[in-house]
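Data first, discussion second: the structure below is written as structure tokens.
The values are calculated or read from the model by the stated rules, or taken from the named source; none is laboratory data. Since this is a predicted model, take the numbers as computed values, not measurements. Backbone-built Cβ (ideal geometry, glycine too); neighbour counts: all protein chains shown. Accessible surface is based on the protein model in full, side chains and every heavy atom, while ligands, DNA and RNA are left aside. Shrake-Rupley method; radii C 1.70, N 1.55, O 1.52, S 1.80 Å.
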Amino acid sequence: MTEKLNKLLSQQKKLQKKIEQKETTLRQSNYFENAKKRKERTRLLIQKGALLDKYFESNHLNIVETEELLKIFANYVNANKPDQYKKKKFND
């Protein structure tokens, strides 16, 4: 009886160790996935910022001045934006 109990306890420890390893692997996978998404977003923001500087010649403006410049044109641009560039709305 004691032998069976020791065997079961040993199996339980092995399984618990496997579970911990799988959880660690899952956490690492999630971390790398999130890091990849952050890098993609950062790259996108840099590209859009570069386009802003290129077309509005705003590279000499600070953040506050750039925001003020964009506020001036935001209503006009959003009102006259072609349909292909408008955000699509889905009905649920």
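Taking the stated definitions as given, is Leu5 surrounded by 10 or more Cβ atoms within 10 Å (Cβ to Cβ), assigned to a helix (DSSP H, G or I), of a type outside the set (Asp, Glu) and without any contact (Cβ under 8 Å) to a residue 24 or more places away in the chain?
Values: surrounded by 10 or more Cβ atoms within 10 Å (Cβ to Cβ): no; assigned to a helix (DSSP H, G or I): yes; of a type outside the set (Asp, Glu): yes; without any contact (Cβ under 8 Å) to a residue 24 or more places away in the chain: yes.
Taking the combined requirement at face value, the residue does not satisfy it.
Checking the condition loosely packed, with under 10 Cβ neighbours inside 10 Å and either touching a strand residue (DSSP E or B) at 6+ places or on another chain (Cβ under 7 Å) or not acidic (Asp, Glu) (or both), which residue from Val77, Val64 passes? Steps first, please.
On the way: Val77 fails: loosely packed, with under 10 Cβ neighbours inside 10 Å.
Answer to the check: Val64.
List pairs: first residue in segment 41-67 and closer than 20 Å to Val77 by Cα, second residue in a helix (DSSP H, G or I) and of a type in the set (Val, Ile, Thr) anywhere in the structure, Cβ distance under 7 angstrom, at least six positions apart or on different chains.
Matching pairs, first to second residue: Ser58/Thr66.
Of the residues Gln21, Gln47, only one is modelled with pLDDT of 95 or more, open to solvent by 100 Å² or more (accessible area, probe 1.4 Å) and in a helix (DSSP H, G or I); which?
Values: Gln47 fails: open to solvent by 100 Å² or more (accessible area, probe 1.4 Å).
Of the residues listed, the single one that is modelled with pLDDT of 95 or more, open to solvent by 100 Å² or more (accessible area, probe 1.4 Å) and in a helix (DSSP H, G or I) is Gln21.
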